[in-house]
Each structure stands twice: as C-alpha cells, then as structure tokens.
Amino acid sequence: MAGHGLGATEGLLTSVQPFFYESLYLHNHLLQVMDEAGLLGLAAFLAFILGTAVLLVRQLRKARTPLAAMLLACLVMMNLHGLMEISFSVQMFQCAAFFLLLLPTVCYGTYTEGRKRRAAGIVVLVVSDLWLVISVALLGGSLLAQKEYRELDAAGMTTGSFIETLERLDRMDAYNDQSYKVNLMGNALQAGGISNEGTAARCARELRETGEFDSCYYVAAYYYLPLGQLENFFDVLQEGLLQERSNSEAWNSAMNLCIQAFSQIDPAEADTFAEGVRGIGEAMDRANAYLLVPVALTEENAALLNCARTDLLDGEGMYAAISQVLSQAGNPS
C-alpha cells in the first residue's frame with residue numbers, strides 16, 4: 001500500500017531479475033510512483049493530475065483563454081510522455097513540471113472567494129516559487145561540486161586541505177555525493193587522528209545506510225577491511241548484495257574482494273573468514289531459489305566457496321586449504 005520508498009525503483013530493480021537493458025527507471029511514471037509510493041501515493045498523484053485537468057477544462061468551458069489552453073496542452077504532453085519515458089525522474093524537468101501544474105490552482109482555483117482567495121493564491125505562489133528556487137539551488141550546487149571535483153588537483157594539496165575540500169563538496173552536492181564520501185572516508189581513515197577517524201566513521205555509516213551495492217562495497221573495501229573488522233566487512237557486503245541479487249557480476253565482485261581480504265588476514269582469523277564466505281554463499285542460495293536466471297560464480301570464486309563450506313577444516317587447516325585453492329586458481333595469497 002505504501003510502496004518501497006523513494007528511489008526504490010533505482011535501488012531494487014536488479015534485486016528481482018537481471019535485464020539486458022539496464023535502466024535506473026521504469027520508463028512509465030505511473031508504475032514508478034506505484035512502486036515507490038504504493039497505491040496510496042499513486043492515488044494522491046492521480047488526484048493531483050486529474051484535479052489540475054478538471055480546473056483547466058472548467059476554465060476553457062467558461063472562456064477559452066490562451067493560458068488555460070497552453071497549460072492543458074502541457075499537462076497532456078507531460079503525462080503522455082511520462083507513460084513512455086523518464087521525464088518525471090529528471091530533476092530539472094521536475095522543477096518546471098510541478099511549477100506548471102501548480103499554476104492552474106493559483107489562476108483558476110475557486111475554493112475561496114474575495115480576499116481569502118487572493119491571500120491563498122499569494123501563499124501558493126510564494127511557496128511554489130520558494131520550492132523552485134530551492135530546487136534550482138540544490139541542482140546548481142550539485143553541478144558546481146561535480147565540476148570542481150573533476151578539476152581537483154589532489155597532488156598539489158596537503159592531506160588536510162584535500163579532506164576539507166571533500167567535506168565541502170559533500171555538503172554542496174545533495175544528489176550525487178557517493179564519490180566525495182568514498183574518497184573522504186578512505187583519506188580521513190588513512191590520515192588518522194580522532195577528528196579524521198570520526199569523519200571516516202560518519203561517511204562509512206552514511207554510505208552503508210543507502211543500501212546501495214557500490215556504496216556497501218566501498219565501505220567494506222576501504223573502511224572495514226583496513227580496520228581488520230572482518231565481521232562488519234562481510235555484513236556490509238551482504239547488505240549491498242540485496243540490491244543486486246540477480247546480478248552475477250555483483251556476486252563475483254564481492255567474492256573477488258573476499259579473495260583480496262584473505263591476503264590480509266592472519267591464520268587465526270581463517271574461521272571468521274570462512275564463516276563470512278559461507279554467509280555470502282547462503283545468501284546466494286536463497287536468491288537462486290526464486291530467480292529465473294540463477295547467479296553463476298566464476299570457477300575460482302566457486303572453488304573458494306566450496307572450500308569454505310568444508311566442515312572438516314578449521315583454524316590453520318582452513319587457512320592452508322584456502323591458500324592452496326587460491327594458489328591453484330592463480331591467486332597466490
């Protein structure tokens with residue numbers, strides 16, 4: 001009824017089935033609204049669109065003003081296009097589209113009379129203008145941050161100034177801040193110190209909370225692995241894989257990272273490592289139970305999983321067995 005939440009279409013599409021044409025959106029905004037906001041959200045969205053259309057048609061019956069005709073044409077065009085394209089998912093389009101959808105309410109609404117009507121119209125106009133200004137400001141900040149990041153010369157900066165710059169860019173970009181957070185997390189952790197370690201922990205937490213595979217992968221590789229926190233390392237990998245359950249490349253990327261992690265652990269940690277690999281294997285088995293196209297591991301990753309599932313080995317014996325398997329697969333530990 002309430003949907004999976006905003007951004008769920010992008011975040012959960014490949015958790016169901018793989019698609020030969022990969023897209024972040026469904027190319028049908030009604031279906032996307034229903035997926036993210038549920039039946040309740042779809043009903044509210046349709047009420048907004050249909051209510052606007054009723055206002056415009058009613059106005060055209062009274063007097064065929066050019067403004068009403070143009071707004072109705074825009075309404076029809078936007079919604080027909082939204083049935084086949086991603087227009088309502090484009091940030092700049094949203095700013096213009098919802099502003100145009102509010103205009104009929106301001107111009108032709110009849111819910112009040114006299115001064116109250118004028119006051120309500122002014123309030124709606126001010127709020128819509130404010131929303132438009134904030135949207136443009138956020139989008140402008142995102143574009144400026146991305147431009148500065150592309151032109152950033154890290155070699156000519158001290159570690160402290162580089163970290164401060166990344167923190168500023170992270171605050172500026174409200175839409176695409178993953179690159180800044182990942183870079184900031186790794187550099188702050190490497191720089192050390194109470195303040196930098198706190199910054200790294202904050203970035204790791206915020207990236208992990210997104211549930212996105214790439215973000216969770218980076219947290220595992222550049223935060224938990226350097227800290228030697230194997231349990232958190234495997235936990236965050238499994239959290240990210242929920243988003244990409246149908247994507248074999250994601251599972252193999254996670255297993256490849258596990259192979260890299262094995263080269264950095266002590267023999268005493270072999271049992272924890274094997275348990276983490278088995279956990280990934282169990283998650284893969286659960287996914288394969290309902291996927292039409294089962295997840296397929298590469299030969300070396302399958303060999304690692306089979307070795308970790310060997311019940312007769314533990315401790316140094318498990319470490320030696322995994323080392324041998326990886327050595328035979330061309331990945332000497």
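The numbers here are math on the coordinates, done by the rules we state, and not lab data. Quick caveat, the model's predicted, so the values are computed rather than measured. Positions of Cβ are backbone-derived with ideal geometry, glycine not excepted, and every protein chain shown enters the neighbour counts.
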Any residue in region 157-175 that is closer than 30 Å to Val106 by Cβ and without any contact (Cβ under 8 Å) to a residue 40 or more places away in the chain? yes
Which numbered condition Glu85 fails, given (1) surrounded by fewer than 18 Cβ atoms within 10 Å (Cβ to Cβ); (2) over 29 Å from the mean Cα position of the chain (by Cα): (2)
Does Leu67 meet the test of being closer than 26 Å to Val126 by Cα and free of Cβ contacts under 8 Å to residues at least 60 places away in the same chain? yes
Scan region 240-269 residue by residue and report those that are closer than 19 Å to Leu227 by Cβ and under 22 Å from the mean Cα position of the chain (by Cα). Gly240, Ala254, Leu257
Consider Ala201 against the criteria (1) farther than 30 Å from Ala137 by Cβ; (2) in a helix (DSSP H, G or I): it satisfies all of them except one. Which criterion is unmet? (1)
Checked against (1) over 28 Å from the mean Cα position of the chain (by Cα); (2) over 13 Å from Leu230 (Cα atoms); (3) in contact (Cβ under 8 Å) with a residue 12 or more places away in the chain, Thr272 satisfies every condition except (2)
Near pairs, Cβ below 9 angstrom, 6+ apart or cross-chain, from region 278-298 (touching a residue at least 12 places away in the same chain (Cβ under 8 Å) and more than 19 Å from Leu237 (Cα to Cα)) to any residue that is buried (at least 16 other Cβ atoms within 10 Å of the Cβ) and among the charged types (D, E, K, R): Leu291/Arg245
